[in-house]
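Let me begin by presenting the structure, written as structure tokens, before commenting on it.
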Amino acid sequence: MTTQWQPKMKSVISELLETMFFMSVDFEPQVPVETYRLASSIILARDLQKIQIDLFLTEPFAREAASNFLGVGGDEVSSHDIEDVVKEIANMVAGSYMTRMEDGNWNLGIPSMRYLDSGGDVPDEGLPISYLGEQVGLVILSEDSEGK
Amino acid sequence: MAYNILLVDDSASLRKVVRKVLHLSGFKMNQCFEAGNGQEALDVLKDNWVDLILSDIHMPVMDGFGLLKALRADEMWQDVPVVLVTTESNPERLQEALDLGAKGYIRKPFKPEEIRALLLRLLGESDDDSMAAEDEECDF
């Protein structure tokens with residue numbers, strides 16, 4: 001799997017999480033303490049090309065992100081808030097990534113979100129997201145061109 | 001002057017954040033209405049007057065383009081400023097929105113001062129005119 005997209009994606013995620021979620025992350029792989037429970041996907045499409053961005057997050061990180069985003073305490077954040085925020089993170093990641101792509105005219109889809117079962121099917125490869133020394137997320141970008 | 005504002009976005013959390021940003025930045029709001037898509041926005045407008053609409057583009061049921069077209073076709077709403085708060089970055093799509101009557105756009109992620117500055121400019125106010133917002137309720 002190519003990793004050429006990762007430098008741009010690191011910049012996108014850092015800027016987003018710092019600007020709107022007040023969280024500073026790094027991209028060094030760590031041993032995950034929690035399993036990923038939430039996953040959001042969004043598609044960029046152009047002609048016959050498709051890029052899918054998948055975002056996997058642990059529940060505690062998603063909860064803290066939602067808490068910071070909404071400006072409320074962690075115990076005031078509902079599961080609906082968390083789901084909504086995770087989708088919005090994927091939405092903003094994809095939108096910002098689009099601005100960094102050299103060739104434009106991509107169409108942005110609407111993000112989806114799903115819960116993962118314990119030990120759910122999460123790919124091994126991707127861009128890890130670590131926060132306060134723990135790996136809390138994973139981003140995967142996959143490209144597809146019809147006819148390939 | 002205090003303004004009636006309509007926030008249109010399928011993300012409830014984003015609507016909360018924008019509302020909070022406007023409130024904390026001292027933007028003068030009288031009432032703040034919310035809608036989850038363009039069709040819901042039109043439903044809100046049947047019974048309520050607004051001075052300004054902030055809308056996302058990518059929404060289910062009726063997206064931002066559909067909302068802009070509907071507003072432009074309605075004499076009552078065709079002159080109300082619409083600002084897009086969006087992740088869209090495709091220049092052609094953004095120009096299409098401006099051609100449909102949007103007065104400007106702010107890309108997510110945004111800094112609070114960006115929204116405030118753009119809205120004040122569109123409403124013809126300066127920063128010196130701003131006062132602390134009165135308490136408002138957001139209706140959905």
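Just the accessible area per residue of the stretch A:31-148, please: how many Å² with a 1.4 Å probe? Present the calculation step by step, with values, prior to reporting the outcome.
Numbers: 5490 Å² over 118 residues.
Solvent-accessible surface per residue comes out at 47 Å².
Label the stretch A:63-102 by shape, choosing from rounded, prolate and oblate, from the square roots a ≥ b ≥ c of the eigenvalues of the Cα gyration tensor; if a/c is under 1.5 it is rounded, and otherwise prolate applies when a/b is larger than b/c, oblate when it is not.
Working: a/c = 5.08, a/b = 2.78, b/c = 1.83.
Prolate is the answer for the stretch A:63-102, as a/c is 1.5 or above and a/b outweighs b/c.
Counting only other chains, and only Cβ atoms inside 10 Å, what mean value do you get across the residues of B:9-21? Intermediate results must be reported in sequence, preceding the final value.
Working: counts 1, 6, 7, 7, 14, 9, 1, 6, 6, 0, 0, 4, 1.
Across the residues of B:9-21, the mean count of other-chain Cβ atoms within 10 Å is 5.
Relative contact order (percent) for the stretch A:1-133, with alpha-carbon contacts under 8 angstrom and 6 or more residues of separation? It would help to have the intermediate numbers written out before the result.
Details: 181 pairs, mean separation 49.2, N = 133.
Once normalised by length, the contact order is 37 percent.
With the contact rule set at Cα under 8 Å and sequence spacing of 6 or more, what percent relative contact order holds for chain B?
Numbers: 235 pairs, mean separation 41.8, N = 140.
Once divided by the residue count of chain B, the mean separation gives 30 percent.
At a temperature of 37 °C and a viscosity of 0.692 mPa s, determine how fast the stretch B:10-57 diffuses translationally according to Stokes-Einstein, using the Kirkwood radius over alpha-carbon pairs as Rh; express D in µm²/s, rounded to the nearest whole number.
On the way: Rh = 11.5 Å.
Roughly 285 µm²/s, to the nearest whole number.
With viscosity set to 1.306 mPa s at 10 °C, what whole-number translational diffusion coefficient in µm²/s follows for the stretch B:57-96 from Stokes-Einstein and a Kirkwood radius over Cα pairs?
Reported coefficient: 145 µm²/s.
Measure out, as a whole number of angstrom, how far apart the alpha-carbon centroids of the stretch A:58-91 and the stretch B:98-113 sit.
Comparing the Cα centres of the stretch A:58-91 and the stretch B:98-113, I get a distance of 24 Å.
Taking only pairs that are 8 or more places apart or on different chains, how many Lys pairs in chain B have Cα atoms under 26 angstrom apart?
20
Can you tell me what the convex hull of the Cα atoms of chain A projects to on average, as an area in nm²?
Working: hull surface 35.6 nm².
Projected over every direction and averaged, the Cα hull of chain A covers 8.9 nm².
What is the protein assembly as shown by shape, rounded, prolate or oblate, if you read a ≥ b ≥ c off the alpha carbon gyration tensor as root eigenvalues and call it rounded for a/c under 1.5, prolate for a/b larger than b/c, and oblate otherwise?
Values: a/c = 2.04, a/b = 1.49, b/c = 1.37.
Prolate shape, in that a/c is at least 1.5 and a/b is the bigger ratio.
Work out the mean other chain Cβ neighbour count within 10 Å for the residues of A:88-95 and drop it here as an integer. The partial results should precede the final answer.
Working: counts 10, 2, 1, 8, 7, 2, 2, 10.
Shielding by partners across A:88-95 averages 5.
In whole angstrom, and with the biggest value first, how far do the Cα coordinates of the stretch A:47-133 range along each principal axis?
44, 30, 25
For the stretch B:1-124, what are the per-bin percents of Cα-Cα distances with bins 10 Å wide, up to the bin holding the maximum?
Values per bin, smallest distances first: 14, 51, 33, 2.
Please list, by residue number, everything in the stretch B:1-28 whose backbone N is under 19 Å from a paramagnetic label point 7 Å out along Cα→Cβ of B:E113.
Residues B:18, B:20-28 qualify, since their backbone N sits under 19 Å from the label point.
Take the eigenvalues of the Cα gyration tensor for the stretch B:33-85, scale each by 5, and report the square roots as semi-axes in whole Å, largest first.
Values: eigenvalues 45, 27, 23 Å².
Rounded to whole Å, the semi-axes are 15, 12, 11.
Report, to the nearest 10°, how far helix A:6-21 tilts away from the longest principal axis of the Cα atoms in chain A, using its own Cα long axis and a range of 0 to 90°.
40
Give the angle, between 0 and 90 degrees and rounded to the nearest 10, that separates the Cα long axis of helix A:79-99 from the longest principal axis of the Cα atoms of chain A.
Compared with the principal axis, the helix lies near 40 degrees.
If one puts a single equal scatterer on every Cα of the stretch A:1-64 and applies the Debye formula without solvent, what log₁₀ I(q)/I(0) results at q = 0.12, 0.30 Å⁻¹?
Listed by q, the Debye log ratios stand at -0.39, -1.39.
Determine the shielding of peptide B:56-69 by partner chains: average, over its residues, the number of Cβ atoms on other chains within 10 angstrom of each Cβ. Don't skip to the answer; put the middle values down first.
On the way: counts 1, 2, 8, 1, 1, 0, 0, 1, 0, 0, 0, 0, 0, 0.
Shielding by partners across B:56-69 averages 1.
Mind ranking B:5-18, B:80-93, A:37-50 by how tightly packed they are, going by the mean number of other C-beta atoms within 10 angstrom, highest first?
Values: B:5-18: 23.7, B:80-93: 19.9, A:37-50: 17.9.
For the peptides B:5-18, B:80-93, A:37-50, the packing ranking is B:5-18, B:80-93, A:37-50.
In what sequence, largest accessible area first, do A:Y97, B:Y105 appear using a 1.4 Å probe? List each step's numbers first, then the result.
On the way: A:Y97 20, B:Y105 90 Å².
Result, largest first: B:Y105, A:Y97.
The values are calculated or read from the model by the stated rules, or taken from the named source; none is laboratory data. Quick caveat: nothing in here was measured; it's all calculated off a predicted structure. No Cβ is skipped: glycine too gets one built from the backbone with ideal geometry, and neighbour counts run over all protein chains shown. For the accessible areas, the whole protein counts, side chains as well, though only heavy atoms, and no ligand, DNA or RNA atoms are used. Shrake-Rupley method; radii C 1.70, N 1.55, O 1.52, S 1.80 Å.
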